[in-house]
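Chemist: Just passing along the structure, written as structure tokens.
The values are calculated or read from the model by the stated rules, or taken from the named source; none is laboratory data. From a predicted model like this one, the values you see are computed outputs, not experimental measurements. Glycine also receives a Cβ, built like all others from the backbone with ideal geometry; neighbour counts cover every protein chain displayed. Each accessible area value is taken on the protein alone, full model and side chains, heavy atoms only, with ligands, DNA and RNA left out. Shrake-Rupley method; radii C 1.70, N 1.55, O 1.52, S 1.80 Å.
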Amino acid sequence: MSTTALYRKPFLQWGVATRAVPGETVSGDLHLVEPFACGALVAVVDGLGHGDEATVAARKAIDILKANAAQSVIALTRRCHEALRKTRGAVMTLASFNRLDGTVSWLSVGNVTGLLLRADAGATPRGESALLRGGVVGYQLPALLASDLAVSPNDLLVLASDGIRGGFEQSIIATDTPQRIADRILSRQFRGTDDALALVVRFLGTCDE
């Protein structure tokens, strides 16, 4: 488990669990939690297929995201698209947290699941999912439209590659640490036919909280 600290006070707590498809020594599913001046970029990138070529595509995207983390998720997706044209491509979900106003902007291309679970039991809806748009970064992009959501202390963001079976939210115990949540998702929902990664991020609050 790691903590991203900005302004001396941490505002994100996160954990990740990942596993390569049986028979491979490397995974094409990679993640990023990268702070910038007023927030942090959170991402899961799934290089198409598995093995070395998938890892190369995913790593190229991660490097671009890391170097330009403060840019909008739309601008970042376009940057990755241009850079991945000579690779096998990737799918990804990006989420950019703004710790000043307590918001997150997210965008998906392909089938990396994004789920925001509210800490407030009375919230309606209790959970919100990223809109998954068909496409492959580096090959064909859909129309890019980011969604902006307000986030509150202890809300959970879960990003999961398609090596994780659907319905993983049923195994989440919200009071657990992000690392324990990610480990449980992987152990219970790993398909075994593709690389898999689960990234869990807890929002701890804005500058004033």
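Chemist: Per DSSP H run of at least 4 residues, take -39500 (n - 2.57); add these up for the chain, divide by its residues and hand me the 222 nm value, nearest 500 deg cm²/dmol.
Modeler: -6000 deg cm²/dmol
Chemist: Assuming a ≥ b ≥ c are the square roots of the Cα gyration tensor eigenvalues, decide whether segment 96-144 counts as rounded (a/c under 1.5), prolate (otherwise, with a/b larger than b/c) or oblate.
Modeler: Oblate is the answer for segment 96-144, as a/c is 1.5 or above yet b/c matches or exceeds a/b.
Chemist: Follow-up. Could you let me know the centre-to-centre spacing of segment 19-39 and segment 108-125, using Cα atoms, in angstrom?
Modeler: 20 Å
Chemist: Please work out how much length the chain gains when fully extended from Arg191 to Ser152, using 0.36 nm per residue of separation minus the C-alpha to C-alpha distance, in nm with one decimal.
Modeler: My answer for the length gained is 10.8 nm.
Chemist: For segment 66-85 and segment 137-199, compute the distance between their C-alpha centroids and round to whole Å.
Modeler: Computed from Cα coordinates, the inter-centre distance equals 21 Å.
Chemist: Using the Cα centre as the reference, give the magnitude of the dipole from point charges on the C-beta atoms of the chain (Lys, Arg: +1; Asp, Glu: -1; all else neutral), rounded to the nearest 20 debye.
Modeler: The dipole of the chain has a size of about 180 debye.
Chemist: Could I ask something else about it? In the neighborhood of Ile74, defined by Cβ-to-Cβ distances under 15 Å, what is the net charge if each Lys or Arg adds +1 and each Asp or Glu adds -1?
Modeler: Counting the neighbours of Ile74, the net charge comes to +1.
Chemist: Another question, then. Arg126: net charge of surrounding residues, Cβ under 14 Å, Lys/Arg +1, Asp/Glu -1, itself excluded?
Modeler: -3
Chemist: What accessible area per residue, rounded to a whole number of Å², is obtained for segment 109-189 using a probe radius of 1.4 Å?
Modeler: Value for segment 109-189: 48 Å² per residue.
Chemist: Roughly speaking, to the nearest percent, how much of the chain's 1.4 Å accessible area is carbon and sulfur?
Modeler: 50 percent
Chemist: May I pose another question? Rounded to the nearest 0.05, what FRET efficiency is calculated for Leu141 and Arg165 with R0 set to 30 Å and r the Cβ-Cβ distance?
Modeler: The computed FRET efficiency comes out at 0.65.
Chemist: Rounded if a/c is under 1.5, else prolate if a/b is larger than b/c, else oblate: which is segment 1-106, with a ≥ b ≥ c the root eigenvalues of its Cα gyration tensor?
Modeler: Oblate, since a/c reaches 1.5 and b/c is not below a/b.
Chemist: Within the chain, which DSSP H helices have Cα atoms that stretch 27 Å or more along the helix axis and a mean Kyte-Doolittle hydropathy of at least 0.0?
Modeler: none
Chemist: Shifting gears a bit: Please report, to two decimal places, log10 I(q)/I(0) for segment 53-174 at q = 0.10, 0.14, 0.16 Å⁻¹ as given by the Debye formula with identical point scatterers on the Cα atoms and no solvent.
Modeler: The calculated log intensity ratios at q = 0.10, 0.14, 0.16 Å⁻¹ are -0.32, -0.62, -0.80.
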